[in-house]
Amino acid sequence: MRRSLRFIFRGRVRELAAFDPSLTLLEWLREDMHATGTKEGCNEGDCGACTVVLARAEAGRIQYSPVNACILLLGQVDGAEILTIEDLAASGTLHPIQQAMVDQHASQCGFCTPGIVMSLFAAYHEAERPVTREALGDCLSGNLCRCTGYRPILDAATQALAGPADDAFSRATGVRYETLAALADSRDVVIGSEERFFAIPAKLETLTALTTTHPDATLIAGATDAGLWVTKKLADLPRIIALGRVHALREVVDSETALFLGASVTHAEALPYLARIDPDLETLMRRFASKQVRASGTVGGNIANGSPIGDLAPALIALGATLHLRQSDTDRDLPLEEFFIEYGKQDRAPGEIVTGLTIPRLAAHQHFRVFKISKRFDEDISAVLGAFCVSLEGRIITEARIAFGGMAGIPKRASAAEAALVGASLDTPHDWMAAIKALDADYQPISDMRASATYRARIARALIGKALTEIAGARSQTRITSRKTKEAAHGG
Ligand SMILES: Cc1cc2nc3c(=O)[nH]c(=O)nc-3n(C[C@H](O)[C@H](O)[C@H](O)COP(=O)(O)OP(=O)(O)OC[C@H]3O[C@@H](n4cnc5c(N)ncnc54)[C@H](O)[C@@H]3O)c2cc1C
Ligand code: FES
Ligand code: FES
């Protein structure tokens, strides 16, 4: 058992044996370390002004992830190197990213600039760098700049990311990797007292022992939801159990028939595996929050939070996913849709952990579509999300699984619409009308700031039509990305 947090900051290994469990990384940087180059804007993971990079030794290389320091808790940095804007210039010479920002006049008020530079710095060290304008846009999806305009920022990114990585970090890769690998031990970590602690178990048995002893402790995975309880609701979280280091929760098993994702697999890690199930899942994940939120937020957190507007739940319900849970040493499985009971209530006992999800692969006769409706392309929660999995015999629908987010207090299947589609022909759109009308029996949506009830009901009807029209073979005029290109890319 280790009793201190270990990480690298300003090139030195630091050990912290005491800190407040709810302290955010941004508070520690700005208030304790006086590292004020990292800015506080929204304090809720939206604007990217607080972006820093966490470097970790993973799978034989150093992985650089941009994260929102405002909603990341300090305890989550165990085993990582924290890199901030102050680390980049070496001996008075600007880093190539910083120099490109100067060359291209890519900053005016400058408040957003450190975060933008850090996002591009992470991209500078990626194995596959973003180079197209579209990929660069995705890379900066979590960074808002309201006065420079993105054209010069994208020009700076294009300039800086053109050649291979050559900076003080890449030149010291070997020694830095060794140091980071030595930090990533497999010891359980508990810091604090019985009343106030931050625990980071490495073993599943330690995690279940902790949750049994402290069923009221707050579980956190990426903290992209839980961090906001601290920054926006000013919650004090006295006992925290972080799930990010438990090996069993980080597993991915990709077989011919199914994909297993451990609960603590991040959205960034899950993306390529989900993309292999269906290209629409790649588009969905590309639009999930931002690069920073995807680097921290997890698949398990997106389900366990019980959100009626979480993006993964309806998509995975339509695909027939199974949820795995564990309490003490007892495991249980349930169809994902049964986890969501009513708004704010899930089938999970105190101290019970979501361990992962199994997602069946699509058979040749099954066709899947998922559409996210939100006001912005990136970094926006869905107003409505519709997911459709249709089994065919020839051109006749033999089974339909349809699930919507944003239409009820939970992510919910459209059982009346599903039943009405059985026996319908893809070639006779008139057959689809019964299912479209049946949505009124399946859902009574509400009006809120994201959309009115009327809009939600109308868009849900339109999405069934859009899914079936596409599955029938027609080209959709309203697609952001072409499925054809993606199917070719994934050999589908
Ligand atoms: C700027 C921003 C944009 C966002 N955009 C989107 C979006 O586009 N789509 C979307 O769906 N969501 C979005 N979110 C919400 C959030 O990022 C996701 O729901 C994310 O998947 C949550 O995962 P996490 O690991 O960060 O969860 P955490 O915040 O760590 O935890 C969330 C909840 O789940 C519980 N929990 C976590 N893991 C487990 C587990 N294994 N077992 C039991 N309980 C667990 C925690 O106790 C907590 O109650 C956004 C959030 C932000 C801040
Ligand atoms: S301050 Fe806006 S994302 Fe952190
Ligand atoms: S330079 Fe002012 S907000 Fe970006």
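A few remarks follow.
- Within this structure, G75 fails the test of being outside any helix (DSSP H, G or I), buried (at least 23 other Cβ atoms within 10 Å of the Cβ) and either among the aromatic types (F, W, Y) or within 14 Å of ligand 1 (Cβ to nearest atom) (or both).
- Options D185, D155; residue that is surrounded by fewer than 19 Cβ atoms within 10 Å (Cβ to Cβ), assigned to a helix (DSSP H, G or I) and not β-branched (V, I, T): D155
- Enumerated helices (runs of 4 or more DSSP H) restricted to the stretch 395-492, each holding at least 2 residues that are surrounded by 14 or more Cβ atoms within 10 Å (Cβ to Cβ) and hydroxyl-bearing (S, T, Y): 453-471
- Top-ranked residue in the stretch 220-256 [being in contact (Cβ under 8 Å) with a residue 24 or more places away in the chain and acidic (D, E); ranked as farthest from R276 (Cα to Cα)]: D236
- R56 meets all of the listed conditions (1) part of a loop (DSSP other than H, G, I, E, B); (2) among the charged types (D, E, K, R); (3) touching a helix residue (DSSP H, G or I) at 6+ places or on another chain (Cβ under 7 Å) but one, namely (1).
- Residue identified as within 27 Å of T212 (Cβ to Cβ) and more than 17 Å from the chain's Cα centre (by Cα) among D333, D278: D333
Conditions (1) hydrophobic (A, V, I, L, M, F, W, C); (2) over 18 Å from L161 (Cβ atoms), marked per residue:
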position: E81; (1), (2): no, yes
position: A90; (1), (2): yes, yes
position: T93; (1), (2): no, yes
position: M101; (1), (2): yes, no
position: I116; (1), (2): yes, no
position: H125; (1), (2): no, no
position: P130; (1), (2): no, no
position: E134; (1), (2): no, no
position: D138; (1), (2): no, no
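- Residue selected from the stretch 1-31 under the condition assigned to a loop (DSSP other than H, G, I, E, B) and of a type in the set (S, T, N, Q), by the criterion surrounded by the fewest Cβ atoms within 10 Å (Cβ to Cβ): S4
- When the stretch 98-110 is filtered for residues that are buried (at least 19 other Cβ atoms within 10 Å of the Cβ) and either within 16 Å of ligand 1 (Cβ to nearest atom) or closer than 25 Å to S170 by Cα (or both), the ones remaining, listed by number, are Q98, A100, M101, Q104, A106.
- Note on the stretch 363-394: residues that are touching a strand residue (DSSP E or B) at 6+ places or on another chain (Cβ under 6 Å) and either surrounded by fewer than 24 Cβ atoms within 10 Å (Cβ to Cβ) or assigned to a strand (DSSP E or B) (or both) amount to 18.
- Per the listing T93, T84, T113, the residue uniquely polar (S, T, N, Q), surrounded by fewer than 21 Cβ atoms within 10 Å (Cβ to Cβ) and either assigned by TED's automatic domain parsing to the domain that holds D155 or without any contact (Cβ under 8 Å) to a residue 60 or more places away in the chain (or both) is T93.
- Residue within the stretch 354-368 that is near ligand 1 (Cβ under 8 Å from one of its atoms) and either more than 15 Å from G406 (Cα to Cα) or modelled with pLDDT of 95 or more (or both) present: yes
- Boolean, I309 is among the β-branched types (V, I, T), crowded, with 18+ Cβ neighbours inside 10 Å, within 20 Å of T358 (Cβ to Cβ) and touching a residue at least 40 places away in the same chain (Cβ under 8 Å): no
- Qualifying residues in the stretch 90-116 (those that are over 9 Å from A156 (Cβ atoms) and within 16 Å of ligand 2 (Cβ to nearest atom)) - the one farthest from the chain's Cα centre (by Cα): C109
The values are calculated or read from the model by the stated rules, or taken from the named source; none is laboratory data. As the structure is a computational prediction, the values presented were derived from the model and not from experiment. Backbone-built Cβ (ideal geometry, glycine too); neighbour counts: all protein chains shown.
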